[in-house]
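So the structure is just underneath, and the comments pick up after that.
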Amino acid sequence: MRQQFRLEEISSCLEKILDDQGIGSFEQKAASIYSAMRKKGFSAFEAGLVFLCLENGVLDPVLKGEKKEEVSSFLMDQCCLNEEAAASVSDLFLMLFNEETIQRMDEKKEEGFRCLCREGMMFMLELETRWIANTSLVCRYHVEGRLSVCDETVLRKMLSLPLEKDPYLKEEQLSAILEGWLEELSHADFDAFCNSDFYFEPYLGDYDSHYEMEVLNEFCSAHGLKADAFSGNGEVIAER
């Protein structure tokens, strides 16, 4: 029985994914494309064929501007498709990544970074560690604030690896990366601060000033950021 391949419907589905997630999802997350198509009601054959071609690099000849014959030949060679299937899939990706789409994608490159530079970012962290001596204490610190970008060149350098991997990362994705780095640094500092003295219980009354000077300002300086505002709240309680 001949399998159905709904070219226009699949193209519309993939176009929406492209607009929402960027080309990075096609280049690096073929499995997520498969899952999205299945959720939209496409058959395992249709979604699997798209997955197979993405996994085997169909975007290489497509984005190089090669013609249908070259793309079809690539698919027959790399994906073992027959001539008819290769022609259909070639039509799909050439329709999806047409000249207008590629131009729009070029304009969207690093749009998320530019937006981050304009808008800044919010962060919120929950830190926790334990001090164990003659008793066991749980130390917690909640901190949140707003950061703005004061040096785009420095920030771009720090974000160069994720942006080179996917220049279509959105503002919130870049903010999450930065927040993750800050969280890692904050957890290490908080643990060291609370466990700096084996004999005396940790006191968090002056951790706000320590955190601002030793963690937040240092992080901002290294990443081209500036702390516009932050607030923290700590507690030390006996572990039950």
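Points to keep in mind about this one:
- If you filter segment 148-168 down to residues that are modelled with pLDDT of 95 or more and assigned to a loop (DSSP other than H, G, I, E, B), you find that the one that is surrounded by the most Cβ atoms within 10 Å (Cβ to Cβ) is Leu159.
- Output for segment 169-196, where each listed residue is over 16 Å from Arg146 (Cα atoms), of a type in the set (A, V, I, L, M, F, W, C) and either touching a residue at least 12 places away in the same chain (Cβ under 8 Å) or buried (at least 19 other Cβ atoms within 10 Å of the Cβ) (or both): Leu169, Leu185, Phe190, Phe193, Cys194
- In segment 1-20, the residues that are surrounded by 18 or more Cβ atoms within 10 Å (Cβ to Cβ) and either touching a residue at least 40 places away in the same chain (Cβ under 8 Å) or of a type in the set (Lys, Arg) (or both): Phe5, Ile10, Leu14, Leu18
- Ser160 fulfils the conditions (1) within 19 Å of the chain's Cα centre (by Cα); (2) under 20 Å from Val215 (Cα atoms) except for a single criterion, (2).
- Meets criteria (without any contact (Cβ under 8 Å) to a residue 24 or more places away in the chain, crowded, with 16+ Cβ neighbours inside 10 Å and assigned by TED's automatic domain parsing to the domain that holds Ala133) for Phe200: no
- Sole exception among (1) touching a residue at least 24 places away in the same chain (Cβ under 8 Å); (2) surrounded by fewer than 15 Cβ atoms within 10 Å (Cβ to Cβ); (3) under 30 Å from Cys220 (Cα atoms) for Trp131, by number: (2)
- For segment 208-230, the count of residues that are over 27 Å from Ile23 (Cβ atoms), in the same structural domain as Glu128 (by TED's automatic domain parsing), of a type in the set (Phe, Trp, Tyr) and at pLDDT 95 or above is nonzero.
- Subset of segment 98-123 (residues that are in contact (Cβ under 8 Å) with a residue 40 or more places away in the chain, among the charged types (D, E, K, R), part of a helix (DSSP H, G or I) and closer than 30 Å to Ala229 by Cα): Glu111, Glu119
For every residue, the table says whether it meets (1) of a type in the set (Ser, Thr, Tyr); (2) assigned to a strand (DSSP E or B); (3) within 18 Å of Glu119 (Cβ to Cβ).
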| site | (1), (2), (3) |
| --- | --- |
| Tyr141 | yes, yes, no |
| Arg146 | no, yes, yes |
| Glu179 | no, no, yes |
| Glu183 | no, no, no |
| Ser221 | yes, no, no |
| Phe230 | no, yes, yes |
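The values are calculated or read from the model by the stated rules, or taken from the named source; none is laboratory data. Note that the structure is predicted; figures quoted are calculated from it, not measured. Heads up, the Cβs are rebuilt from the backbone with ideal geometry, glycines too, and the neighbour counts pull from every protein chain shown.
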